[in-house]
1. So if I place +1 on the C-beta of Lys and Arg and -1 on the C-beta of Asp and Glu, and nothing else carries charge, what would the dipole magnitude of the chain be about its Cα centre? I want it in debye, nearest 20.
2. Within region 36-74, whose backbone N sits under 12 Å from a point 7 Å along Cα→Cβ of LEU27?
3. Looking at region 96-189, which trypsin sites (Lys or Arg not before Pro) are in a loop (DSSP not H, G, I, E or B) and have at most 14 other Cβ atoms within 10 Å?
4. Just want the answer: with Cβ charges of +1 for Lys and Arg and -1 for Asp and Glu, which residue in TRP61, ALA19, CYS84 is farthest toward the dipole's positive end in region 7-92?
5. First check a/c for the chain, with a ≥ b ≥ c the square roots of the eigenvalues of its C-alpha gyration tensor; if it is under 1.5, answer rounded, and if not, answer prolate when a/b is larger than b/c or oblate otherwise.
6. When the chain is fully extended, how far beyond the present Cα-Cα distance does ALA76 get from ARG120, taking 0.36 nm per residue of separation?
7. Can you give the FRET efficiency to the nearest 0.05 for ARG101 and ILE219, using r as the Cβ-Cβ distance and R₀ = 41 Å?
8. Which percent, nearest 5, of DSSP beta bridges in the chain are antiparallel?
Amino acid sequence: MSRRPYLLFSSVGDAYDDAVLSWSRGLRYRRRREYDIALVYYGDSASRYAALAAQADRIFWSKGSKFQNLVRHLNAVAALDYRCVWVVDDDLALAPAGIHRLFHITEAFGLAASQPALSRHGELSHAPTLARGGWTLLRYTNFVEINCPVLSRRALATLIPIIQPHMDLLTCWGIDILLAHHVWGPEAPFAVIDAVTVRNPPAREKRGRGRECERMDGIDNLHRRWLAVRERMRPDPPPAEVQMTTLDVVRRWPFVRAPRKP
C-alpha cells in the first residue's frame, strides 16, 4: 500500500454498493486522496470481490465483522503505521472531501476517537450522535458508536490487545464499550463531529433487508457473546453499557474557539 497518512478500513458484503463507491469518487481539481482504502470481502462472489478490488488499495477475502477482520489483517495493512484509521460499516457513504475533513478535525483537536454525526434521515441508535444544525463543529462525548469510529494510532494500539484475545466472541456488540472503558479520558477525548454527517440507511434499502452484524449472528447471540467476554475479564470486567453523554460543544467559525479537552 501507499504511505498516505490515514486509512479507511471496512468489511464489505453484498447488501449495499453506494458507500464503497463514494469513498473513492468525487475528488475535485486533481486533489489526491490522503487515505488508503483497505477492504475485506466476507461474501462468496468472485465477481463482487473483483469489483471491490477496483475500489481499494488493498483487499482481502475472509469471513467476519470489520473488527474481527481488522485484527486478522492488522499487520498486512500496517494499520498501526497510520496516524488515524476510520473503521467504518460498508453502508455509510461519504465523499473523499468529507473523509479528509473527518481525519483533519480528529487530529486538529487531539481526539483519541471520533465519529461523524448521523443524519436524521437514517437509522439512529444513540440520540447524542444525531447531527446538530447551526454552527456546531463537534461535541465532546464519552462514547462513540462502533459503526464508524475514527481511531488515533494510540487509541488503536491500546484497543487491539484488549479485544484480540476475545475475537472468537466479539463481532460488534461491546467493542465500543471496551473502547470507552479503556481509552477515553481527560488525555484521550472522544467527539461526535457535526461538521461531517453520514446517513445510516435503513434495512429496507439493502439487499437482504437486515444489518450485516445481526445476520452473521442474531441479536440475542451478540448480547450473550458480549456478556461472556465480560465474564472472561473478571475480576475487573468493563461495564455492561455506557450512557453516552455530551460533555462540551465547540462552535464553527465565526464562533469557533480553541480546542478544549473534557
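Readers should treat all values here as calculations from the given coordinates under stated rules, not as data from a laboratory. All figures in this text were calculated on a predicted structure; none of them were measured in a lab. Counting neighbours? That spans all protein chains shown, and the Cβs are built from the backbone with ideal geometry, glycine included.
1. 880
2. Within reach of a label on LEU27: 36-37, 57.
3. When the trypsin sites (Lys or Arg not before Pro) of region 96-189 are filtered for loop state and at most 14 Cβ neighbours within 10 Å, ARG120 remain.
4. Value computed over the given set: CYS84.
5. Here the chain falls in the rounded category.
6. Extending this stretch completely gives an extra 12.2 nm.
7. After rounding to 0.05, the efficiency reads 0.80.
8. Close to 40 percent.
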